[in-house]
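The values are calculated or read from the model by the stated rules, or taken from the named source; none is laboratory data. Bear in mind the structure is a predicted one, so any value in this text is a computation, not a measurement. Counting neighbours? That spans all protein chains shown, and the Cβs are built from the backbone with ideal geometry, glycine included.
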Amino acid sequence: MKTIVIAAGYATRLYPLTENFPKPLLKVGDSTILDRLIADADGIPGIDGHVIVTNHKFASHFEEWKKGSSYAKPITVIDDGTSTNETRLGAVRDLLLAIDRCGIDDDIMVLAADNILEFSLHGFVDFFREKGTSVIMCHHEPELRRLQRTGVIAVDEDMKVLEMQEKPEKPVSHWAVPPFYIYSRADLPLIRDCLAHGCGYDAPGNLARYLAGVTDLHAWPMPAPRFDIGSLDSYEEAKKRFQ
């Protein structure tokens, strides 16, 4: 299995901190946001490499970070060639670029690089192996306004995904979907062809929504919170929380 971290975003809400520096490499406590994800994934049996997809503007920062890293599994940094928010490829096209550039023919765990998890990814990988299908994460979200800004799923008693919405006006449930996924090797052909079949390319949830309609997905309820760093205020809160 490969870990693919999508780090290509332009975090304008964190300016001026991220105007010329990538958000995933901001320090939170004694580590960076990205290192918290990679350090956890690196210790999971069966994961044999990590791929970081970034934009051209920040590629050199990630290459420098890679030089100073000492993880057990190899790290590949991919420059997607874009330099502005207006020309960005979007998360789905960045994922497809990583699959093609690295010649990946394996299960893949896809992570958004701007989150801190208060739990290990080990349980997520175990759930994937138990179910034998592609899997996504979910958590109970009581607030309607938050559900309307994210992916939302309906599931059966076995946590099989019956329907997925992206930023719905009328959510089908209170199960929200954060940007963490494991896609099976068997579903790689569907991922490769998704854009030709109407899949949106900007948000990573677009791919999960597309796959929910054409293959089996299961959803793993998060055992603890995650911290989404999307603004200067949330970054300052994270530094206090994880100091």
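Listed values, structure above:
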item	result
Some residue of the stretch 26-49 being modelled with pLDDT under 90 and either under 20 Å from Thr76 (Cβ atoms) or in contact with a Gly (Cβ under 7 Å, 6 or more places away or on another chain) (or both)	no
Any strands (runs of 3 or more DSSP E) falling wholly within the stretch 139-243 and containing at least 2 residues that are on the phi > 0 side of the Ramachandran plot and at pLDDT 95 or above	none
The stretch 197-243: number of residues that are among the acidic types (Asp, Glu), over 22 Å from Gly123 (Cβ atoms) and over 16 Å from the mean Cα position of the chain (by Cα)	3
Any hit, the stretch 7-24, residues being in contact with a strand residue (DSSP E or B) (Cβ under 7 Å, 6 or more places away or on another chain) and within 25 Å of Asp105 (Cβ to Cβ)	yes
Residue within the stretch 157-169 that is farther than 20 Å from Gly200 by Cα, in contact with a Leu (Cβ under 6 Å, 6 or more places away or on another chain) and buried (at least 19 other Cβ atoms within 10 Å of the Cβ) present	no
For Ser231: the one exception among (1) touching a helix residue (DSSP H, G or I) at 6+ places or on another chain (Cβ under 8 Å); (2) of a type outside the set (Asp, Glu); (3) in contact (Cβ under 8 Å) with a residue 24 or more places away in the chain; (4) buried (at least 18 other Cβ atoms within 10 Å of the Cβ)	(4)
Identity of the residue in the stretch 121-138, outside any helix (DSSP H, G or I), surrounded by 21 or more Cβ atoms within 10 Å (Cβ to Cβ) and β-branched (Val, Ile, Thr), that ends up nearest to the chain's Cα centre (by Cα)	Ile136
